[in-house]
Amino acid sequence: MTRAKNRFSWPRAAGLLGLATLLVATVVLGDPVHGIALHGQPKYGPDFHHFDYVDPNAPKGGEARFAAIGGFDTFNPFNIKGEAAAGIGQLFETLLTDSKDEPFSEYGLIAESVDVAEDRGSATFAIRPQAKFHDGSPITAADVLFSFETLKTKGSPFYRLYYANVAKAEKLGDRQVKFVFSPGENRELPLIMGQMPVLSKKYWQDRDFSATTLEVPVGSGPYRIERFEPGRFIVYQRDENYWGKDLPVNRGLHNIDRLRYDYYRDVTVALEAFKSGAYDLRLENSAKQWATGYDFPALTKGLVKKETFLNQMPSGMQGFAFNLRRPLFQDSRVRQALGYAFDFEWSNRNLFYNQYTRTRSYFDNSELAARGLPSPEELALLEPLRKELPPAVFTTAYEPPVANDDAQLRANLQKALQLLREAGWTFRDRKLVNAQTGEPFRFELLIAEPTWERIALPFARNLERLGIEMSVRTVDSAQYENRLRDFDFDMVVNVWGQSLSPGNEQREFWSSAAADQPGSRNLVGLKNPAVDRLVDQVIAAPDRASLATRVRALDRALQWNYLVIPHWHIPYARIAYWDKFGYPAVTPLQGVQLDAWWIDPAKAAALAGTKTADKP
């Protein structure tokens with residue numbers, strides 16, 4: 001599952017699309033219902049007033065300022081061209097919306113109900129009469145059909161893969177749409193269609209949807225673009241006439257009147273701007289900065305708060321990702337060998353202040369992670385695929401290399417060298433070269449943020465001890481995004497976010513079909529029939545227990561293919577903020593939800609007075 005939109009997003013939210021999905025009707029399949037869950041019943045009944053993790057009486061008003069890095073050149077976040085403005089997802093609504101305190105359940109937003117056929121072969125959505133776009137025009141079935149066809153044919157490759165099992169879409173009336181699904185078990189499909197952003201046919205039909213644009217689009221969400229300067233800032237204004245503001249799924253959300261995103265050259269400049277009071281809230285991704293970078297008077301005085309917010313979400317996978325399209329990395333022994341040269345323990349001690357846990361699974365921090373040897377249920381899935389899977393999948397629990405001291409690191413480098421020799425590499429003039437061609441082992445790590453240099457350079461020094469030259473190249477965010485879309489890299493740092501209900505998005509992450517589609521999230525270029533089959537089985541899981549088993553089997557196949565050199569994770573978000581916010585007492589299963597925060601009038605006034613008094 002992946003999130004279809006990003007509301008009150010983190011500053012670089014445009015690149016961090018994540019997803020979520022669900023199915024099974026609330027009462028009886030075949031009846032129109034207010035909400036559905038992927039497995040079992042949704043938590044909230046048809047008469048619920050608001051989600052448990054919001055304050056329905058939160059005050060409205062005020063302004064919140066955020067930082068984004070790089071620049072933006074488009075207000076169309078649905079294609080692969082350009083860099084979308086931070087927070088742009090707040091303009092577009094979806095048929096359903098998910099709750100954050102369930103693994104995967106969705107409730108009516110644009111659609112007031114959904115009717116899932118008893119055989120799960122179709123889903124019919126009834127559009128709310130009050131749902132409308134910002135230009136005042138009603139949202140109709142024609143808009144839904146237009147959105148489906150446009151996203152599938154002109155949007156990001158993600159949509160083509162995500163909607164691949166939708167056989168057709170039918171208009172049953174001005175406010176009713178039916179999606180018919182291809183044969184086969186795919187429990188997510190009703191939820192996937194619920195996540196679909198609904199675009200204005202009137203606005204988009206005569207415009208080039210595949211192009212970048214800085215013309216303000218017609219949306220239907222709780223915010224509108226108030227003003228902007230390309231690449232420098234964008235300001236969103238809460239729409240007082242937003243049609244959905246009183247829906248149960250929206251009570252207690254979208255509390256802040258104005259959201260401003262200012263763009264900065266890099267993260268170092270952005271941190272200094274935060275400390276000077278130029279913006280209000282910061283999600284901290286650097287362990288070093290969290291430990292040492294906030295020693296400034298405003299924190300000491302209590303004007304700035306530092307807090308962590310736990311979540312129970314799978315950590316996903318972050319790591320140095322190989323491009324298997326490159327001949328250099330097509331031998332799995334080479335990829336395994338390079339993993340022995342990354343010294344996580346040294347980095348954690350010296351760079352991260354021991355804040356992190358080493359990532360070993362693509363679904364760490366959850367019941368979905370593969371642990372120990374395969375269970376009998378997993379083996380039943382894996383055995384038919386044995387010829388296409390690494391033998392270790394069946395015999396060994398995957399663990400990344402450990403180097404608690406120099407002796408262990410030397411032993412790891414010896415193992416790496418042995419693997420490289422087996423793969424046809426040898427030493428010549430203190431350099432590792434191909435034994436047949438004499439070509440040196442040389443590649444480039446492409447990064448977009450200088451922060452990664454301090455992590456990559458020790459890795460490069462260890463590789464140098466193996467005779468390998470890894471150059472580190474830092475490029476601007478626009479060039480970085482373009483090169484990723486074209487798979488024009490040797491190695492990058494990448495993150496595959498995961499949800500509590502993995503499903504169709506795994507096709508774009510790992511499927512052979514996605515490997516050659518520019519802009520897809522199969523960045524590593526994996527083409528493995530066994531992985532394709534395991535992904536299909538995850539998508540078809542009939543219940544929660546079978547989903548967990550199938551995801552663990554997929555996890556093992558990914559681990560032993562050595563697609564990445566795993567990094568690290570933490571089970572919480574680190575947030576620093578100037579003390580003007582209020583937030584709910586409950587943090588849901590999926591972690592802190594910034595769109596449930598609000599500006600506390602008393603705190604904001606006190607903070608403004610303190611800042612004024614501090615001015616010379």
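The values are calculated or read from the model by the stated rules, or taken from the named source; none is laboratory data. Note that the structure is a prediction, hence the values are computed from the model and not measured. Glycine gets a Cβ as well: all are built from the backbone with ideal geometry, and neighbour counts include every protein chain shown.
Would you check which residues across region 256-284 are within 23 Å of the chain's Cα centre (by Cα) and in a strand (DSSP E or B) and list them?
Hits for region 256-284 are L259, R260, Y261, D262, Y263, Y264, L281, R282, L283.
May I ask you to list the residues in region 430-458 that are closer than 19 Å to L417 by Cβ, in contact with a helix residue (DSSP H, G or I) (Cβ under 9 Å, 6 or more places away or on another chain) and in contact (Cβ under 8 Å) with a residue 24 or more places away in the chain?
Those that are closer than 19 Å to L417 by Cβ, in contact with a helix residue (DSSP H, G or I) (Cβ under 9 Å, 6 or more places away or on another chain) and in contact (Cβ under 8 Å) with a residue 24 or more places away in the chain: L432, F441, R442, F443, P458.
On the given criteria, is L589 crowded, with 23+ Cβ neighbours inside 10 Å and over 29 Å from A270 (Cα atoms)? Before you say what the answer is, go through the steps one by one.
Numbers: crowded, with 23+ Cβ neighbours inside 10 Å: no; over 29 Å from A270 (Cα atoms): yes.
No: the conditions fail for L589.
If you take the residues in region 309-350 that are in contact with a His (Cβ under 7 Å, 6 or more places away or on another chain) and more than 18 Å from L463 (Cβ to Cβ), which one is modelled with the lowest pLDDT?
Looking at the filtered set, the residue picked out is S315.
Return the residues of region 110-144 that are closer than 30 Å to W510 by Cβ and in contact (Cβ under 8 Å) with a residue 24 or more places away in the chain; say none if nothing qualifies. Before you say what the answer is, go through the steps one by one.
At the first step, the residues of region 110-144 found to be closer than 30 Å to W510 by Cβ are 114, 116-117, 119-123, 125, 144.
Correct list: V114, V116, A117, R120, G121, S122, A123, F125, V144.
Mind listing whichever residues of region 285-318 are assigned to a loop (DSSP other than H, G, I, E, B) and within 17 Å of the chain's Cα centre (by Cα)?
The initial filter retains those residues of region 285-318 that are assigned to a loop (DSSP other than H, G, I, E, B), namely 285-286, 293-296, 301-303, 311-316.
Hits for region 285-318 are N285, N311, Q312, M313, P314, S315, G316.
Go through region 284-308 and count every residue that is touching a Phe, Trp or Tyr at 6+ places or on another chain (Cβ under 6 Å) and either modelled with pLDDT under 95 or more than 12 Å from Y577 (Cβ to Cβ) (or both).
3
Matching residues to (1) surrounded by 15 or more Cβ atoms within 10 Å (Cβ to Cβ); (2) closer than 18 Å to G89 by Cβ; (3) over 22 Å from the mean Cα position of the chain (by Cα):
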| position | (1), (2), (3) |
| --- | --- |
| W204 | yes, yes, yes |
| E229 | no, no, yes |
| V235 | yes, yes, yes |
| H254 | yes, yes, no |
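Suppose we filter V535, V592 for residues that are touching a residue at least 40 places away in the same chain (Cβ under 8 Å) and not hydroxyl-bearing (S, T, Y); which single one remains?
After applying the criteria, what remains is V592.
Any chance you could count how many residues in region 104-130 are modelled with pLDDT under 95, surrounded by fewer than 24 Cβ atoms within 10 Å (Cβ to Cβ) and either closer than 24 Å to D206 by Cβ or not small (G, A, S) (or both)?
3
Which of the residues belonging to region 493-510 are surrounded by fewer than 22 Cβ atoms within 10 Å (Cβ to Cβ), under 23 Å from P327 (Cα atoms) and of a type outside the set (A, V, I, L, M, F, W, C)?
Of everything in region 493-510, just one residue is surrounded by fewer than 22 Cβ atoms within 10 Å (Cβ to Cβ), under 23 Å from P327 (Cα atoms) and of a type outside the set (A, V, I, L, M, F, W, C), namely N494.
Could you grab me the full set of residues in region 463-492 that are buried (at least 19 other Cβ atoms within 10 Å of the Cβ), in contact with a helix residue (DSSP H, G or I) (Cβ under 8 Å, 6 or more places away or on another chain) and farther than 30 Å from R428 by Cα?
E481
Every residue in region 481-513 that is free of Cβ contacts under 8 Å to residues at least 40 places away in the same chain and touching a Phe, Trp or Tyr at 6+ places or on another chain (Cβ under 9 Å), please.
R483, F509
Going through region 419-455 one residue at a time, which ones are closer than 20 Å to L324 by Cβ and buried (at least 18 other Cβ atoms within 10 Å of the Cβ)?
Within region 419-455, L419, L420, W425, L432, F441, F443, L445, L446, I447 meet the criteria.
Inspect all residues belonging to region 535-543 and state whether any of them is under 22 Å from K81 (Cα atoms) and at pLDDT 95 or above. Walk me through how you get there before you give the answer.
Let us first name the residues in region 535-543 that are under 22 Å from K81 (Cα atoms), namely none.
No: zero hits.
Quick check on my filter: what residues within region 304-347 are more than 21 Å from D555 (Cα to Cα), of a type in the set (S, T, Y) and either free of Cβ contacts under 8 Å to residues at least 12 places away in the same chain or in the same structural domain as F459 (by TED's automatic domain parsing) (or both)?
If the condition is that a residue be more than 21 Å from D555 (Cα to Cα), of a type in the set (S, T, Y) and either free of Cβ contacts under 8 Å to residues at least 12 places away in the same chain or in the same structural domain as F459 (by TED's automatic domain parsing) (or both), then S347 is the only one that fits.
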